[in-house]
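> Structure incoming, see below.
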Amino acid sequence: MAPRRRRGNVSPTLLAFGRQLRRYREEAGLTQESLGRRANNGRGVTSQYVGQVESGRTRCSREFAETMDRELKAGGRLLQLWDDLVLDAAFPVWFDWPVVEAEAVMLRSYQPIVIDGLLQTEAYARTLLFGDEDATAARLGRQKILHRSSPPPPTVVCLLDEAVLHNGLGGPEVMREQLEHLLEVISPRLTVQIVPRGIPHPGNTGAFAIATLDDRTEVAYADSALRGMTTSVGNEIQKVAESFEVIRSHALPVDQSVDFIKKVLEERWT
């Protein structure tokens with residue numbers, strides 16, 4: 001039985017970037033304070049901030065990395081490390097789902113309150129994330145898996161509670177754009193089914209997703225009030241998969257779901 005995925009208090013990718021920054025700084029013979037004075041094109045940061053970056057406790061900006069790369073004569077290597085290690089670290093350190101999601105050949109999800117993150121527009125995501133630009137960019141970055149050529153994009157089956165179409169996040173313009181986008185992305189490889197409101201089913205306890213990997217193993221992700229949880233424990237996967245099938249049995253077929261989305265779009269958001 002596979003162990004439950006554990007989460008540290010520090011992002012491993014941020015820690016790896018920080019260690020390389022410290023190595024370049026020490027090779028240059030600079031203290032954290034002296035390096036901090038050169039940061040952000042001369043505007044400077046505190047030595048404590050440099051220490052937090054080096055210890056992986058905070059996510060620095062690309063501008064910071066660019067200045068550090070130039071000041072430490074790293075030849076672009078710190079910038080490359082930022083792109084590889086820090087860019088996607090806008091996710092909380094416990095949120096390891098994007099790594100799993102990117103490896104999946106099939107994704108199944110149920111959302112009772114909001115549009116699935118893979119299907120969100122920029123304006124909708126920004127509203128959900130309270131205007132946090134880094135988090136918005138990270139969420140939209142997850143959607144690259146839907147357009148990749150190698151390996152092929154995953155098959156996606158998304159169940160949405162009817163309430164998702166009516167919740168009005170961001171106002172009429174944002175919702176109109178979001179539902180139009182939803183209709184555009186539906187395809188044989190990416191299906192969306194609407195679950196009518198008021199039906200008792202296991203999904204009423206919260207959102208969840210299941211990733212099937214290339215070797216046919218499965219990993220599940222479930223939301224909670226405090227944070228999400230990923231698991232690959234067999235009996236837990238089975239329970240989530242069974243819940244998905246029960247919910248799907250209540251969902252409208254894909255063609256009827258498309259008609260339903262169009263109806264809500266025209267009657268409520270146009």
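> Out of V219, V240, report the one residue that is crowded, with 18+ Cβ neighbours inside 10 Å, assigned to a strand (DSSP E or B) and not basic (K, R). If you could, list the steps in order and put the result at the bottom.
Working: V240 fails: assigned to a strand (DSSP E or B).
Exactly one residue qualifies, and that residue is V219.
> Now for a different question. Looking at D259, is it more than 21 Å from the chain's Cα centre (by Cα), on the phi < 0 side of the Ramachandran plot, in the same structural domain as V157 (by TED's automatic domain parsing) and outside any helix (DSSP H, G or I)? Don't jump to the end; show me each part of the working.
Working: more than 21 Å from the chain's Cα centre (by Cα): yes; on the phi < 0 side of the Ramachandran plot: yes; in the same structural domain as V157 (by TED's automatic domain parsing): yes; outside any helix (DSSP H, G or I): no.
Against the criterion (more than 21 Å from the chain's Cα centre (by Cα), on the phi < 0 side of the Ramachandran plot, in the same structural domain as V157 (by TED's automatic domain parsing) and outside any helix (DSSP H, G or I)), D259 does not qualify.
> Let me ask another. Just a yes or no: is a residue in the range 32-45 in contact (Cβ under 8 Å) with a residue 40 or more places away in the chain, assigned to a loop (DSSP other than H, G, I, E, B) and surrounded by 14 or more Cβ atoms within 10 Å (Cβ to Cβ)? Give the steps one after another, and end with the answer.
Taking the range 32-45 first, the residues in contact (Cβ under 8 Å) with a residue 40 or more places away in the chain are none.
Within the range 32-45, none of the residues are in contact (Cβ under 8 Å) with a residue 40 or more places away in the chain, assigned to a loop (DSSP other than H, G, I, E, B) and surrounded by 14 or more Cβ atoms within 10 Å (Cβ to Cβ).
> Within the range 222-237, how many residues turn out to be among the aliphatic types (A, V, I, L, M) and surrounded by 14 or more Cβ atoms within 10 Å (Cβ to Cβ)? Spell out the reasoning first.
First, the residues of the range 222-237 that are among the aliphatic types (A, V, I, L, M): 222, 225-226, 229, 233, 237.
Cutting the leftovers down to surrounded by 14 or more Cβ atoms within 10 Å (Cβ to Cβ) gives us 222, 229, 233, 237.
Summing the residues that are among the aliphatic types (A, V, I, L, M) and surrounded by 14 or more Cβ atoms within 10 Å (Cβ to Cβ) in the range 222-237 gives 4.
> Of these, L252, L265, which one is out of contact with any Gly (no Cβ under 6 Å at 6 or more places or on another chain), part of a loop (DSSP other than H, G, I, E, B), in contact (Cβ under 8 Å) with a residue 12 or more places away in the chain and not charged (D, E, K, R)? Write out each step before concluding.
Numbers: L265 fails: part of a loop (DSSP other than H, G, I, E, B).
After ruling out the rest, the residue left standing is L252.
> Of all residues in the range 152-198, which are within 19 Å of the chain's Cα centre (by Cα) and over 21 Å from I247 (Cβ atoms)?
P153, L169, Q178, H181
The values are calculated or read from the model by the stated rules, or taken from the named source; none is laboratory data. Here the structure is a predicted model, which is why all the values come from computation and not from measurement. Virtual Cβ from ideal backbone geometry, glycine too; neighbours counted across all protein chains shown.
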